[in-house]
Amino acid sequence: MKEKNIYLLLLPIMFSFFVMGFVDLTGIATNYIKADFELSDTIANLLPSMVFFWFLIFSIPTGMLMNRIGRRNTVLLSLAVTALALLIPLLGYSFPIMLISFSLLGIGNTFMQVSLNPLLSNIVSGEKLASSLTFGQFIKAIASFLAPIIAAWAAFRFGDWKILFVIFFVIAIFALISLSLTKIKDQERTDKSSTFRECFALLGNKLVLLAFLGIMCHVGIDVGINLTAPKILIERLGIGLEDAGYITSIYFLFRTIGCFSGAFILARWSHRVFFIISSLLMVVAFGGLFFLHELMPIYICVALVGFGNSNIFPILFSKALLHLPERQNEVSGLMITGLFGGTIFPFFMGIASDAIGSQLGAILIMSLGVVYLMVLSVGR
């Protein structure tokens, strides 16, 4: 395939990666919704939990669906569901409506995470896959980085942070149209689908199991710091949500930088060494978050978490895909099920924070995931 043609095919895929990043608006949105409806941490954290709960339910079925309708059509379906999720808050604003919106956002993102990564492998393969997935995560991180900035700008300029949904809805529709007009050679479809038992049986493979648990921890930390970083500033420095919300952008800025640099580093350097360095950065950062009470040091710790956590997913995901190349659809569905960590971590973080009356509880829960990644990186 000519290089020019490859780039033309990659453009709509990378645009879809940008839409994939819309799921991260749940962090800053949850903080605004918590303030609007005066919710406790336990209740407010149900919102991101609702998003990532659907990864447990739909990831494996989506892998089976891909066998029947193809990867491209599955991505198109995911974009349509995501657009619907972004439209609903514009029709009405209440806590139940936001639960429905976040649920649809989670379902659409599940379809997208399962199908978009393998669709990329139709164009890029071999050792270049990890760096290409990382570049996709870089594009995704740009959307994640912009979400809290847009929300804060909309709240300040128009008094309505929900304008964020209008902007992202328009972009989702554009991505849907652009991919629908692009012809990408799909994998051969089959009427014979793997069963749930066959998919989960893949966890009997040690490497697949370790990668699965690693992705759970990665997403738990990602969602957790997105939720907790503004609360840490509010709790320790007494600043308002609009100002505290910018720390989420710091996290996503450095995650974006990490993804961009990782696209080049993973193409040339040892994946294992980079994994160890990434995990070590998070160990140092969470050690600081336990004790620091000044703005700039907390910013630095959150930045280190963003950079350190930026390349964990593509390293583990690509390793699992390449380990069982004949079962890529099933492996993809299983790995994306690991994003259920985005439900488990906030749930226990909310309980821990409410129990001790401090965000130290949330930091402690996230630290458990960091310890696992550190051990996994050294032991791989």
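Database remark: amide H of Asp160 closer than 5 angstrom to the amide H of Ala155 (H placed geometrically; neighbours at sequence offset of 5 or more, or on other chains; Pro and chain starts carry no H). For the peptides 269-275, 171-177, 253-259, 214-220, the ranking by packing is 214-220, 253-259, 171-177, 269-275, with the highest mean count of neighbouring Cβ atoms within 10 Å listed first. Roughly what % of Cα-Cα distances in region 276-315 sit above 11 Å, to the whole percent? Tail of P(r) above 11 Å: 57 percent of Cα pairs.
Summary of the geometry: region 24-58 and region 70-105, compared by the centres of their Cα atoms, lie 15 Å apart. Lysine pairs in the chain whose alpha-carbon atoms fall under 23 angstrom of each other, counting only those eight or more residues apart or on distinct chains, come to 18. Per Stokes-Einstein, at 20 °C and 1.002 mPa s, what whole-number D in µm² s⁻¹ belongs to region 31-169, with the Kirkwood radius over Cα pairs as the hydrodynamic radius? In µm²/s, the coefficient is 131. Relative to the dominant Cα principal axis of the chain, helix 46-69 is inclined by about 0°.
Can you tell me what the convex hull of the Cα atoms of the chain projects to on average, as an area in nm²?
Values: hull surface 69.7 nm².
Approximately 17.4 nm², given one-decimal rounding.
Scan region 222-300 for GluC sites (Glu not before Pro) in coil per DSSP, keeping those whose Cβ has at most 11 other Cβ atoms within 10 Å, and list them by number. Intermediate results must be reported in sequence, preceding the final value.
Details: sites: Glu235, Glu242, Glu294; in loops: Glu294.
Filter output for region 222-300: Glu294.
Between the Cα long axis of helix 341-356 and the first principal axis of the chain there is an angle of about 20°, rounded to the nearest 10.
Values quoted throughout were computed directly from the atomic coordinates according to the rules given, and no laboratory measurement underlies them. Worth saying up front: this structure is predicted, and the values here are computed from it rather than measured. Here Cβ is always computed from backbone atoms with ideal geometry, including for glycine, and neighbour counts include all displayed protein chains.
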